[in-house]
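What follows is a set of notes on a single structure, which appears directly below.
A short reminder: the numbers here are calculations on the coordinates, not readings from a lab. Only a predicted model underlies this, so the values are computations on that prediction, with no experimental measurement involved. Here the Cβ is made from the backbone with ideal geometry for all residues, glycine too, and neighbour counts use every protein chain on show.
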Ligand SMILES: Cc1cc2nc3c(=O)[nH]c(=O)nc-3n(C[C@H](O)[C@H](O)[C@H](O)COP(=O)(O)OP(=O)(O)OC[C@H]3O[C@@H](n4cnc5c(N)ncnc54)[C@H](O)[C@@H]3O)c2cc1C
Ligand SMILES: Nc1ncnc2c1ncn2[C@@H]1O[C@H](COP(=O)(O)O)[C@@H](O)[C@H]1O
């Protein structure tokens, strides 16, 4: 099968989730004697596109346009659909980032393709792709088969591995798409980055705090540990609803679903809605003074103790270990 | 201004999910169903836009008769009209989007609000699919929206920040938590909703393009380790994370 993979970039650099998708595409291609074509969309991104070879793409397509330095749902939909049609791809892989999730359903409709969203694994059975995707925020998982000839999958970031880059660069062909005013009917006019903040959805390590911290001022403790570990700060809904932390830090069924390598839950009870969003993390640490808190049921390592004493001690020990 | 909210009826988030005997769906015994939490933001936003610009609000849901409960809640919150597209099958997101789009095309609304995602299937797909079927723009995961004339400015959540998106009416908006605080229906609203009619129409035939081959519960974690009961366990925890788990 011919597989088109969108390697999402930001500021001219392909994101980790983009390379993960390219590598996932290569695995499918190897199982079906197929070809992986990486697609990079933006402005001045040819060099980034060549990097797709390092992660297994057989070749790359670059779509460049000055107006594509900003994201546009309508333009991306057209470009990805056209690239799939013209390259003869029957499978399209898109990272399930905030951008990918925004246009992938439209691409699927335009290609008359079925969509399996936010997949955590793809395998090939008798020549057809079986996609595994969590539902109910991870309380259950399903195996999905797309029944249409064209198929679109979005892949959850941080789950597929990009692997070690090889030294093979991909040949990059410029792919021309005619874009008219109509194709820029919706455009991003501004991006407000929370200054230098690592987002829970992208972080490899997350330190989350809950209501047991008793007040917003005590999150300094969480921030310090996060800083030492290079982690993002997360929060339970209780503290977001109380206004202690911004909403974009909320982890859980009505917040973000995360699967980092390490999730440290501090003074979080582990309500079912919270567990739903984080229980697929590779390693979970719970720090809670209540030994019966449900969070311990999903934790790999736990400390039953007072967060106000334990967290600073963990921060100090990590600092020492990491030489910071 | 004509406003439409698409609302789904889903298991409440406290539900402990069990797989039914068919191995492909959830066991519904004892499960409490509610309006999809994100769809409440969609309904609330319709009410607020109507307060500003006047107009009419329709809430529409595709599903079995049980979806009427969610539609009644929308009526109680203050929407003008509720429509049930009757269907008792299990559709995928395209199957749902196609049938909704057929109804919505007829209605020619100015803004169609959706939730960011249904908390059952977690697809986050129906809104943008409907927009594509109707040939109108969509902005997803929106936490702020301003409409001036036909110009729409929306703020959407992305990794580590927000994006400001400009587009025009008619359009689809999918609501994220933070867009507003949904109101509680008043007693008068609840009483009134009991007598309001819910229009029923057959949903157009299922056009799904995927099937669920199997459903299961995720693998349970092997029992964890309690490293200690006070600050003195910190050293050991850090050592385990470094040497055993190799994550720091
Ligand atoms: C529709 C709906 C959606 C929801 N979605 C989400 C969601 O997405 N994410 C989410 O997180 N929640 C969600 N919830 C809320 C969820 O049910 C819980 O209320 C919430 O997760 C509790 O947050 P918490 O663990 O911080 O607080 P609590 O449950 O109050 O737990 C505090 C914990 O801190 C411990 N503690 C107290 N003091 C200390 C100390 N000094 N040291 C160590 N430990 C201490 C306590 O033992 C306790 O376990 C949702 C609820 C509903 C109804
Ligand atoms: N059966 C349905 N009836 C009406 N609206 C729906 C239905 N299913 C999904 N939606 C809408 O589409 C949004 C996204 O759903 P989903 O793509 O299933 O995650 C929901 O928040 C609803 O606004």
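Worth a mention:
- On Cα atoms only, tilt of A:219-229 relative to the major axis of chain A in degrees: 60
- Largest to smallest principal axis extent of the C-alpha atoms in segment A:2-183, angstrom: 43, 39, 28
- Model label sites at residue A:171 and residue A:47, defined 7 Å from Cα along the beta-carbon direction, differ in position by 2.3 nm.
- Segment residue B:29-residue B:151, extension gain: residue separation times 0.36 nm, minus the distance between their alpha carbons: 39.2 nm
- Working ranking of peptides B:24-32, A:259-267 by packing, defined as the average number of other Cβ atoms within 10 Å per residue, highest first, is A:259-267, B:24-32.
- Calculated FRET efficiency, residue A:306 to residue B:220, Cβ-Cβ distance, R0 = 25 Å: about 0.30 to the nearest 0.05.
- Here the alpha carbons of segment B:107-214 define both size measures, Rg and Dmax, at 16.7, 48 Å.
- Crossing angle, helix B:37-53 versus chain B [Cα axis fit, 0-90 degrees, rounded to tens]: 40
- Shown is the FRET efficiency for residue A:289 and residue A:178, computed with R0 = 56 Å from the Cβ-Cβ distance and rounded to the nearest 0.05: 0.35.
- Relative contact order for segment A:205-322: 24 percent, from Cα pairs under 8 Å spaced at least 6 residues apart, divided by residue count.
- Of A:36, A:107, A:311, the one that fluctuates the most in a GNM where chain A has Cα springs shorter than 10 Å: A:311
- Each DSSP beta bridge with both residues in the protein assembly as shown is either parallel or antiparallel, and the antiparallel ones are about 35%.
- Per residue of B:129-136, other chain Cβ atoms within 10 Å of the residue Cβ number 4 on average.
- Only alpha carbons enter this Debye calculation for the protein assembly as shown, each as an equal point scatterer, and the log10 of I(q)/I(0) it gives at q = 0.05, 0.09, 0.12 Å⁻¹ is -0.20, -0.69, -1.23.
- Taking the helices alone, the protein assembly as shown has a mean residue ellipticity at 222 nm of -8500 deg cm²/dmol, built from -39,500 (n - 2.57) per DSSP H run of at least 4 residues and averaged over all its residues.
- When the Gaussian network model of chain A links Cα atoms closer than 10 Å, the mean-square fluctuations of A:53, A:163, A:209 top out at A:163.
- 0 to 90° range, to nearest 10: angle between helix A:307-322 axis and chain A longest Cα axis: 60
- Between B:66, B:130, B:43, the residue with the greatest mean-square fluctuation in the GNM of chain B (Cα pairs under 10 Å linked by springs) is B:66.
- Note: relative contact order over chain A, using C-alpha pairs below 8 Å and six or more positions apart, is 14 percent.
- Considering only alpha-carbon pairs that sit under 8 angstrom and 6 or more positions apart, the relative contact order computed for chain B is 24 percent.
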